[in-house]
Every structure is written in structure tokens, then in C-alpha cells.
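Everything on this sheet refers to the single structure shown next.
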Amino acid sequence: MPNLTKNLGVGSMVVILITFLLFAIALFEKGFTHDLLLEAAIFLISVKLIIITYRNSAGVETIQQKLDLILTEEKHLETAISALRAAKAAERSRPGAPRSS
């Protein structure tokens, strides 16, 4: 549950609260009539949009973590390649060392 506030943000939490309050007010104002179905549908649409936003945010976070891992591995590979190139250049610069093609 701690990720809920992190991924949704303050703005979304305020929208959730306002939507719920308006739904509750409409429920008591209009009573249990046919209009209640309309109010419930609007409330459920709002909840669905919030859930989609949450899932999107969580997915973006997962993708960001994977990209960070790829970049870290790339840096390790670049370091290893640089070390190999430096060793090869040092070997070539030694007098009397066999030259490879």
C-alpha cells in the first residue's frame, strides 16, 4: 500500500477524495432512486481512470528500473573494453613483442 501514494501522487488522492465526497452527497441528496445508478456509474468511471493511472505509473517505474540496469551493465562493458584496448596497446608498444593482425 505505500506505493499507492507514491505512484498516484497528491493530486490523484485529492481527486479520489472529492469524487467520493460528491458521490456520497449525491447519494443522500437524491436518495435511492434511478439517478443513483447514474451517480454510481460516474463514480466507477472515475475509479477506473485512477486505477489505469496507477498501473501506468507502476509500469513506468518498472521500465525505468530495467533501463537503469541496462545502462549500468553498459558502463561495465565499456570499462572492460577500455581496459582490454589499453592492455593491447601497451602490448603493441613494447619492443620485440609479436604483432598480431
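Points worth noting:
- Cβ-placed point charges (K, R +1; D, E -1), dipole of segment 19-101 about Cα centre in debye, nearest 20: 840 debye
- Theoretical FRET efficiency, 1/(1+(r/R0)^6), r = Cβ-Cβ of I63 and T33, R0 41 Å, to 0.05: 0.35
- Based on Cα atoms of segment 2-92, Rg over Rh with Rh as the Kirkwood radius reads 1.49.
- Cleavage-rule hits, GluC sites (Glu not before Pro), segment 45-92, DSSP coil, Cβ neighbours within 10 Å at most 11: none
- Burial ordering of I51, I42, fewest other beta-carbon atoms within 10 Å first: I51, I42
- The slack between A80 and I45, meaning 0.36 nm per residue of separation minus the straight C-alpha distance, is 7.3 nm.
- Between V15 and E73, the C-beta separation translates, for a Förster distance of 41 Å, into a calculated FRET efficiency of about 0.55.
Taken together, the values in this text are just the output of simple stated rules run on the coordinates, not laboratory data. Predicted model, so just to flag it, every value in this text is computed and none were measured. Glycine gets a Cβ as well: all are built from the backbone with ideal geometry, and neighbour counts include every protein chain shown.
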